[in-house]
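Step one of this worksheet: look at the structure below.
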Amino acid sequence: MGFIVRTAGIDRTKRDLQRDLNYLSRLWKRVATRIKKVPAPASLYKESDLVIRTIRDVYDTGLKKVIVDSEAVGARVSDFLSIASPRSTDVVEIYDGDEPLFHRYGIEKEITQLYSKNVPLPCGGSLVIEQTEAMVAVDVNSGKFRLHDDAEETSYHVNCEAVDELARQLRLRDLGGLVVVDLIDMEIYQASGDLGLSLDGDQSTAGNGAAGGAIRGYNTGGTSTFFLTADESGNGSALLTMGDRFNTTVRVTANGNGGGGGINLYNDSGIETAQLDGDADDAGELILFDATGVGTLLADGDDGVSGARFSIGNGARESMRFDAGVANGHPEIRIWRGNDSEIFRLNGSGANGDPDMYLRDASGTTAVSMP
């Protein structure tokens, strides 16, 4: 059996792909069962209707309830979920109220709002969304909203509501590509006597190859000590950095070297002392460095050759290594001298399949060997 991953699968998580794989596998089993049990001619499979296609595209385990106003439709939804998500068949609820379902939950109002370029915010401000062939432009207006006669606090409050609502509108309207957001200009918003925040409208550009929105934190001297951006370099990689006025001390990224999360720590001289990569060659990796930036300890969940590995050394020169599984699939421990000559090796499975061990003297000659 083979599977085709379409372009819609780009950037989807392994869990999403596994869920679709499980659904297709269960669906094929049902078709195969009908082939054996239903006499010909018979319909083995029929393309899903609009309701089922909608649920197929948007449903996940985070949804607690699916409300329908037709028992026939509810039965079809339950039947679909029994294949796509067998543990979720009890989330279907039949609505029998006097008020139409879409009016009852305010969906008609939302649909009408989708065709309007003006979107009101709870505070009284608004978004103005203009879609062109080249980009989507969004302007944030405060309207008549004023908070304690403080322009900075007002701007901060409106901008917070605006970015939340904008994310929702982009999904509802199925907008993509280049999205330019003109937030209300801010200086330093004094959240307390010690810290301040800056929302940089010039960097609030979301899309391919763009920089993404940025939030900066400042100390009382006005020095930036905290920086958060939704897209570090246009590749969808979120970034958080913290430090003093001279150096970065903590760096957290949503996409590490191998595509997973990453954490980097630095000393006062700006030299990296620790690195944690959530997805280095599809496995976690931890590296500790000395004061000069030379790696001294490595723990790798999968080094790509021998499985999990733990090693201690000085940069490229190892002094001790433990492999969870070398080429023959068995664990191994090795120790070297400073001149890279091996002095000890313990292998879980030697040439004859039995564990072996040997010690070597300073000249590299084997002094002790077992078996």
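Nothing in this text is a laboratory measurement; each read-out follows from the coordinates by a stated rule. If you're wondering where the values come from, they're calculated on a predicted model, not measured in any experiment. Reconstructed Cβ throughout: ideal geometry from the backbone, glycine too, with neighbour counts over all protein chains shown.
For a Förster distance of 25 Å, can you work out the FRET efficiency between the beta-carbons of E133 and V58, rounded to the nearest 0.05?
Values: r = 27 Å, r/R0 = 1.08.
Given R0 = 25 Å and the Cβ-Cβ separation, E is 0.40.
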Label-point gap, in nm, between V250 and Q113 - each point 7 angstrom along Cα→Cβ: 3.6
Least to most buried among E165, E130, E342, E47 (fewest other Cβ within 10 Å first): E47, E130, E342, E165
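Rounded to the nearest 20 Debye, what is the dipole magnitude of the range 22-105 about its Cα centre when Lys and Arg each give +1 and Asp and Glu each give -1 at the C-beta?
Values: 14 positive and 12 negative charges, 164 e Å.
For the range 22-105, the charge dipole is close to 780 debye.
Could you compute the FRET efficiency for L240 and F145, with r as their C-beta to C-beta distance and R0 at 41 Å, rounded to 0.05?
0.85
Most exposed first by the Cβ proxy, i.e. fewest other Cβ within 10 Å, how do H157, H330 rank?
Numbers: H157 21, H330 16.
With the sparsest Cβ surroundings first, the list reads H330, H157.
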Net lengthening on full extension, D49/F102 (0.36 nm per residue, minus Cα-Cα): 17.1 nm
Extension gain, V73 back to L21 (0.36 nm per residue minus Cα-Cα distance, nm): 16.2 nm
Nearest-0.05 FRET efficiency for M1 and L288, computed from C-beta distance (R0 41 Å): 0.35
The range 22-105 - Rg (one decimal) and Dmax (whole number), Cα, Å: 14.9, 46
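What's the extension gain from D361 to E342 if we count 0.36 nm per residue and subtract their Cα-Cα distance?
Values: separation 19, 0.36 × 19 = 6.84 nm, distance 0.91 nm.
Working it through step by step, the gained length comes to 5.9 nm.
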For E99, net neighbour charge (Lys/Arg +1, Asp/Glu -1) across residues whose Cβ lies under 13 Å away: -3
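Test of the criteria: in the range 1-38, which chymotrypsin sites (Phe, Trp or Tyr not before Pro) are in a DSSP loop and have at most 15 other Cβ atoms within 10 angstrom of their Cβ? Write down the numbers at each step before the final one.
On the way: sites: F3, Y23, W28; in loops: F3.
The qualifying sites are F3.
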